[in-house]
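Here the structure is laid out as C-alpha cells; the discussion comes afterwards.
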Amino acid sequence: MPLELRDARVTFGDGLFTRRRTIALDGVSLRLDPDAAETVAVVGESGSGKTTLTRLLLGLLRPNDGRVLWRGTDLRQLRGAALLEYRRSVQAVFQDPFGAFNPAHRVDRVLTLPARRFGLAVDATAAHALAVRAVEAVGLRPAETLGRYPHQLSGGQRQRLMVARAMMLRPRVIVADEPVSMVDASLRATILGALHALRLSGVTLVYVTHDLTTAWQLADRVMVMRGGAVVEEGGVEGVIGAPRHPYTRALLAAVPPAMPDPTWLEDAEAA
Amino acid sequence: MTPVLSVRDLHVEFGTPAGLARAVAGVSFDLIPRERLGLVGESGSGKTTTALALLRLIRPPGRIAGGVATLDGRDLLTAAPAELRRLRGARIALVPQGAMNALNPVLDIRAQFEDLFDAHGEPRGRAARRDRIAALLQSVGLQPEVMARFPHQLSGGMRQRVCIALAIALRPAVIVADEPTSALDVIVQKGVLATLARVQREIGAALLIVGHDMGLMAGFVHRIAVMYAGRLVEIGPVAEVFARPRHPYTRALIESLPRFGPRGVFRGLPGTAPSLVSPPPGCPLHPRCPAAIPRCAVEPPAETRHGPAHLARCHRAEEADLAA
C-alpha cells in the first residue's frame with residue numbers, strides 16, 4: 001500500500017498585514033509504491049516546491065487542500081500504532097547535516113533512541129549493537145563516531161550518520177532532500193552509492209535535487225517541478241534522455257559539461 | 001608572456017586550539033593576461049584562502065606567513081594600507097561568493113557604486129558617475145533603473161550581476177571570483193558565468209575563479225589549478241589536465257564528476273582530507289591515494305613538468321595510468 005499525495009496544494013501567507021499568499025505547491029499528485037522499491041527523483045530549482053513536497057510526505061506540513069495518504073489513510077487520521085508505523089516507515093535525510101541532530105546528544109543516543117522508541121531493540125545492548133551496525137553500513141568507524149557529539153564530526157560524517165539513522169529503522173520509504181548538495185565531490189559518490197544500495201534492499205527512495213546528472217544516475221522515475229507545479233514526469237530515459245517540456249530542456253542545457261568545452265557558454269547570456 | 005600577477009611560495013596560517021593550521025603551504029602560480037584560471041579543491045584545501053590572501057582579506061586568527069604576490073611590480077602581500085586601498089578595486093577586484101552579504105543592505109545599488117568611486121576619487125561629477133553606473137549595469141545585463149533598488153529587492157542572479165559590475169567598475173587588471181555562482185540555480189548560473197566571461201574579455205582582465213565544481217571549470221576556464229591540503233598539486237591547460245591528469249587527486253575529482261553516462265556508477269575517493277595542523281609526512285594524499293607507493297609516505301613530491309605549461313606534484317606523475 002502506497003504513500004500518496006493527492007492533488008496537494010500548499011500556500012503560505014506573505015505577511016501579517018497582507019492577504020496575499022504564495023502558492024508553494026499547486027495541486028501535485030505523487031504515488032509511491034513501497035513494494036516497487038523504485039527511486040523517484042524530484043528535480044527543480046529554488047522555489048519550485050520540491051522541499052514543500054518532501055515536508056508533506058514526511059508529515060511535517062499539512063496541505064491546505066488535497067490529501068496525504070499512508071496505506072490509504074489520511075495522515076491526519078493516523079493514531080497510535082498506525083502513526084508509529086508510518087513514522088518508522090517513512091524516514092528523512094535532510095540537506096543540512098549541521099541542523100539535523102540534537103547537539104546535546106551523543107551519536108550513540110541519536111541512533112539508540114529511535115531504535116528503542118520504534119521497538120527495534122528490546123534493551124540497551126541490542127540498541128547499541130544496532131547503532132554499531134548502522135554506522136558501519138555507511139563506512140564510519142563506530143569507535144570514532146558513537147562516543148562523540150555531532151559538532152565533533154565533519155559535515156560528511158554527519159551526512160552519512162543521517163543516512164545511517166534512516167536506514168537503521170528499516171523504513172519502506174526514504175525521502176532525501178538534496179542530500180549531497182553540501183558535501184564534497186569525493187564524498188558525494190559514497191552517499192549516492194549508499195542511497196543507490198537502498199533500492200537493492202527494497203526501499204523506495206524519493207531523491208530531491210536540482211542536479212539532473214545525479215537524478216539520471218539514481219532514479220527510475222523523474223518529476224520536474226517549477227513554480228509549485230509538475231511540468232514533466234515519467235521514466236528517467238524519457239524525461240532526461242528525450243525531454244519534451246522547454247523548461248526541462250533549459251535545465252539540461254544549463255548542466256555544466258563533463259569534459260572541457262569552450263563553446264559551453266556561447267549564446268548563454270539570454271538565460 | 002609576462003604574467004599580470006605572480007604568486008610565489010604563499011603561506012597562510014591559522015591559529016587554532018589544536019595548533020597552527022597551515023591552510024596554504026607554499027603555493028606558486030602565475031596569472032597570464034586575459035586568461036581565466038580555475039582554482040579547485042575540496043573544503044579545506046586552501047583554495048579560497050589563497051584567493052583572499054591576494055586581496056589581503058585574511059582575518060585573525062589567520063595570517064599571511066610568507067610569500068610574494070607581484071602585481072604591477074608591487075608586492076600585494078606587503079603593500080602599506082594606503083597603497084592597498086588604491087590597488088583594491090582599481091587593479092585587483094573581488095567578485096564575492098554571497099552577493100547578499102557582500103552588498104550593503106541599507107544602501108541602494110547606486111550608493112554602493114558611489115562608495116567605490118569615492119574611495120578612488122573617480123569618476124568625478126554627479127552626472128558622469130550616473131552615466132558610468134548606468135553603463136556598468138547595462139554591461140552586465142541589468143536595466144539602469146536597478147541603481148535605485150536595494151539589494152533585497154533583487155533576485156540572487158541580479159545581485160551577483162551587480163557584484164560583477166562593481167568588480168569591473170574601475171577596470172582592474174585582475175578579477176578574483178570566489179565561487180561566484182554557488183548560490184545560484186543552474187540556469188541563472190550559466191547566464192551569470194557567460195556575462196562574467198564577456199565583461200572580463202571586454203576589459204582585458206585576467207580572472208582567477210575559485211570553485212569546487214569540475215564541470216563548471218570545464219566549461220569556463222582556460223587553465224586549471226588543483227589544490228589539496230594547502231598545496232597546489234597540479235596546474236595546466238584545462239583540456240590537457242582533463243585528458244591526461246598527472247595527479248591521482250585530479251583524476252579522482254574528474255572521475256567523481258556526475259555525468260550522463262552509465263547509470264548507478266558512483267566513483268569517488270574514499271577517506272577524508274588530512275589535518276592541516278599535523279598533515280601526514282611525505283605526500284599529503286598518500287593515506288587515501290589509490291596509487292601510493294612506500295616512497296610517498298616519506299618524501300614530499302617535487303613539482304615536475306609534463307608539458308609546456310603542465311605541472312604536477314606526484315612521484316608517479318610520469319607513469320601513464322596510475323589509477324589502476
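Each value in this text was obtained by applying a stated rule to the coordinates, not by laboratory testing. Quick caveat, the model's predicted, so the values are computed rather than measured. Glycine gets a Cβ as well: all are built from the backbone with ideal geometry, and neighbour counts include every protein chain shown.
From the P(r) of the stretch A:17-69, could you give the percentage of C-alpha pairs in the tail past 14 Å? Before the final figure, lay out the partial values.
Working: 837 of 1378 pairs.
Summing the P(r) of the stretch A:17-69 above 14 Å gives 61 percent of all pairs.
Under 10 Å, Cα contacts only: if you run a Gaussian network model on chain A, which one of A:L53, A:L161, A:L84 comes out with the highest mean-square fluctuation?
Checking each option, the largest mean-square fluctuation is seen for A:L84.
Return A:L111, A:L25, B:L77 ranked ascending by Cβ neighbour count within 10 Å, so the fewest neighbours appear first. Walk me through the numbers on the way to the answer.
Working: A:L111 27, A:L25 30, B:L77 20.
With the fewest neighbours first, A:L111, A:L25, B:L77 line up as B:L77, A:L111, A:L25.
For chain A, what proportion of DSSP beta bridges, expressed in % and rounded to the nearest 5, is antiparallel?
Taking every DSSP beta bridge within chain A, about 55 percent pair in antiparallel fashion.
Go through B:G191, B:L94, A:H245 and say which Cα lies farthest out towards the positive end of the charge dipole of the protein assembly as shown; charges sit on Cβ, +1 for Lys and Arg, -1 for Asp and Glu.
B:L94
Tell me, rounded to the nearest percent, the portion of alpha carbon pairs in the stretch A:33-135 spaced more than 17 Å apart. Present the calculation step by step, with values, prior to reporting the outcome.
Numbers: 3447 of 5253 pairs.
The calculated P(r) of the stretch A:33-135 puts 66 percent of pairs beyond 17 Å.
Quick one: net charge of B:E83's neighbours, Cβ under 14 Å, K/R +1, D/E -1? Intermediate values should be presented prior to the final figure.
Details: positive: B:R56, B:R74, B:R85, B:R86, B:R88, B:R91; negative: B:D72, B:D75.
It works out to a net charge of +4.
For A:L16 and B:S155, FRET efficiency with R0 = 25 Å and r from the beta-carbon atoms, rounded to 0.05?
Numbers: r = 24 Å, r/R0 = 0.96.
So the FRET efficiency works out to roughly 0.55.
At 1.002 mPa s and 20 °C, plugging the Kirkwood radius over alpha-carbon pairs of the stretch B:1-116 into Stokes-Einstein gives what diffusion coefficient in µm²/s? Could you put the intermediate results ahead of the total?
Details: Rh = 15.7 Å.
For these conditions, the coefficient is 137 µm²/s.
Rounded, prolate or oblate, given the Cα gyration tensor of the stretch A:209-255, with a/c below 1.5 counting as rounded?
rounded
So, in nm, how far is label A:D33 from label A:Q77 when the simple model puts each one 7 Å beyond its Cα toward the Cβ?
Computed distance between label sites A:D33 and A:Q77 equals 2.3 nm.
Among B:H310, B:T2, B:I64, whose Cα sits farthest toward the positive end of the charge dipole of chain B (+1 at Cβ of Lys/Arg, -1 at Cβ of Asp/Glu, about the Cα centre)?
B:T2
If I model a spin label as a point 7 Å beyond the Cα along the Cα-Cβ vector, how far apart are those points for B:L57 and B:T2 in nm?
If labels sit at B:L57 and B:T2, their model points lie 2.8 nm apart.
Full extension from B:A302 to B:A135: what is 0.36 nm times the residue separation minus their Cα-Cα distance, to one decimal in nm? Provide the component values of the computation, followed by the final result.
Values: separation 167, 0.36 × 167 = 60.12 nm, distance 4.82 nm.
Going from the current span to full extension adds 55.3 nm.
In nanometres, what is the gap between the two model label sites at A:R244 and B:D115, each 7 Å from Cα along Cα-to-Cβ?
Between A:R244 and B:D115, the label points sit 5.0 nm apart.
Counting other Cβ atoms within 10 Å of each Cβ, which trypsin sites (Lys or Arg not before Pro) in the stretch B:115-200 have at most 12 and sit in a DSSP loop? Spell out each step's value before the answer.
On the way: sites: B:R124, B:R126, B:R129, B:R130, B:R132, B:R149, B:R159, B:R161, B:K190, B:R198; in loops: B:R124, B:R149.
Here the sparse-neighbourhood loop sites are B:R124.
With a ≥ b ≥ c taken as the square roots of the eigenvalues of the C-alpha gyration tensor of chain A, please select rounded if a/c is under 1.5 and otherwise prolate if a/b is larger than b/c or oblate if it is not?
oblate
For Cα pairs less than 8 Å apart in space and 6+ apart in sequence, what is the mean separation divided by the residue count of chain A, i.e. the relative contact order in percent?
25 percent
Tell me, in nm to one decimal, what length is gained between B:R126 and B:R198 on full extension, where the rule is 0.36 nm per residue of separation less the Cα-Cα distance? All intermediate terms of the calculation are to be shown ahead of the outcome.
Details: separation 72, 0.36 × 72 = 25.92 nm, distance 2.79 nm.
Net length gain for the segment: 23.1 nm.
Could you work out the local net charge near B:G125, counting Lys and Arg as +1, Asp and Glu as -1, over the other residues with Cβ closer than 15 Å to its Cβ?
Here the charged neighbours net out to +2.
For the protein assembly as shown, what size does the Cα cloud have along each of its three principal axes, sorted from largest down, in whole Å?
Here the spans come out as 75, 65, 46 Å, largest first.
Given axes a ≥ b ≥ c from the Cα gyration tensor, I'd like to know whether the stretch B:225-324 is rounded (a/c under 1.5), prolate (a/b larger than b/c) or oblate.
Verdict is oblate for the stretch B:225-324.
Tell me, what is the percent relative contact order of chain B, built from C-alpha pairs under 8 Å that lie six or more residues apart?
So the answer I get is 20 percent.
Within a Cβ distance under 10 Å of B:P301, other residues only, what is the Lys/Arg minus Asp/Glu net charge?
+2
Within the stretch A:35-139, list the chymotrypsin sites (Phe, Trp or Tyr not before Pro) lying in a DSSP loop whose Cβ has at most 15 other Cβ atoms in a 10 Å radius. Kindly include the intermediate steps, with their values, before the conclusion.
Working: sites: A:W70, A:Y86, A:F94, A:F98, A:F101, A:F118; in loops: A:F94, A:F98, A:F101, A:F118.
Those that pass, being in a loop and sparsely packed, are A:F98.
May I ask for the percentage of alpha-carbon pairs in chain B that lie more than 26 Å from each other?
Working: 25873 of 52326 pairs.
Cα-Cα pairs in chain B separated by more than 26 Å: 49 percent.
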